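Just below is one structure, and these are the notes that go with it.
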Ligand SMILES: NC(=O)c1ccc[n+]([C@@H]2O[C@H](COP(=O)([O-])OP(=O)(O)OC[C@H]3O[C@@H](n4cnc5c(N)ncnc54)[C@H](O)[C@@H]3O)[C@@H](O)[C@H]2O)c1
């Protein structure tokens, strides 16, 4: 287990699924964790961490609103006085074949999945630069690397995260801040619940390890990239996909 004692982490979209697993993992490693979500159960997850003796607050904010994101970072600074780890995890899908895709389906996915990463990273880096320390980890996707029919909006956003990650990694490297991305394969969460058993079986035939991933598989990789042990790693994309895509 990595030691994140006294670190302050913000995990966006962490009231369920992969984000919740990341928040719990970082808290177990000793971090104080800010639970964010646009609605729903952020407070419940935060309460769960506090009842286990961890320091945690819940911040309801839509990551696609710069006003709400900036207010969230202000609150993190007022509460903890620093921000060490930002995990850009919030994401949505609005799948549609290109010719049927509406402007709204395109914009909403790009706004949450890519603009949200920009807004949160910009707001956090402002403080990380002063601290001369920071870890930014964004959750991209295997489909941002290989594409997926019916997900032009989602794949564009997830591929955009990779260009963003490499650019910002170069910008802030001299200031002690690392910026990396994780590209999960297919992970069992509410986001993948719509897959039929037939689709899951077909996917599994394409995964060398032979099974779908769990939220903890992604959370373990995040804990590593957030740790001091990963200090010499920046601008990278770590695949957590059971070997589905081998570069
Ligand atoms: N599940 C998978 O197979 C898989 C694979 C690759 C990448 N991912 C990515 O991992 C991340 C987490 O996915 P998941 O499977 O846990 O999905 P999920 O739908 O279970 O959770 C997403 C969370 O983000 C929150 N969220 C949505 N819009 C938001 C907004 N505007 N502001 C703040 N929070 C918002 C949701 O409320 C939810 O809590 C996403 O970025 C997703 O694209 C998932």
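What the table shows:
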quantity: Count - residues of the stretch 1-41 that are on the phi > 0 side of the Ramachandran plot and buried (at least 24 other Cβ atoms within 10 Å of the Cβ); calculated: 1
quantity: Verdict on residue 139 being touching a residue at least 40 places away in the same chain (Cβ under 8 Å), within 12 Å of the ligand (Cβ to nearest atom) and under 21 Å from residue 231 (Cα atoms); calculated: yes
quantity: Residues being surrounded by 16 or more Cβ atoms within 10 Å (Cβ to Cβ) and either near the ligand (Cβ under 9 Å from one of its atoms) or over 22 Å from residue 19 (Cβ atoms) (or both) - total across the stretch 94-107; calculated: 4
quantity: Residues being crowded, with 16+ Cβ neighbours inside 10 Å and more than 11 Å from the ligand (Cβ to nearest atom) - total across the stretch 142-165; calculated: 8
quantity: Given (1) closer than 22 Å to residue 124 by Cβ; (2) away from the ligand (no atom under 11 Å from the Cβ), index of the condition residue 208 fails; calculated: (1)
quantity: Condition check for residue 65: surrounded by fewer than 22 Cβ atoms within 10 Å (Cβ to Cβ) and out of contact with any strand residue (DSSP E or B) (no Cβ under 7 Å at 6 or more places or on another chain); calculated: yes
quantity: Enumerated helices (runs of 4 or more DSSP H) restricted to the stretch 138-247, each holding at least 3 residues that are touching a helix residue (DSSP H, G or I) at 6+ places or on another chain (Cβ under 6 Å) and more than 29 Å from residue 30 (Cβ to Cβ); calculated: 152-172
quantity: Residue match in the stretch 203-218 (condition: on the phi > 0 side of the Ramachandran plot and surrounded by 20 or more Cβ atoms within 10 Å (Cβ to Cβ)); calculated: no
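A quick yes/no check of all residues on (1) at pLDDT below 95; (2) in contact with a helix residue (DSSP H, G or I) (Cβ under 6 Å, 6 or more places away or on another chain); (3) within 16 Å of the ligand (Cβ to nearest atom):
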residue: 24; (1), (2), (3): no, no, yes
residue: 39; (1), (2), (3): yes, no, yes
residue: 48; (1), (2), (3): no, no, yes
residue: 51; (1), (2), (3): no, no, no
residue: 69; (1), (2), (3): no, yes, yes
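The values are calculated or read from the model by the stated rules, or taken from the named source; none is laboratory data. Worth saying up front: this structure is predicted, and the values here are computed from it rather than measured. Note: ideal-geometry Cβ built from the backbone for every residue, glycine included; neighbour counts use all protein chains shown.
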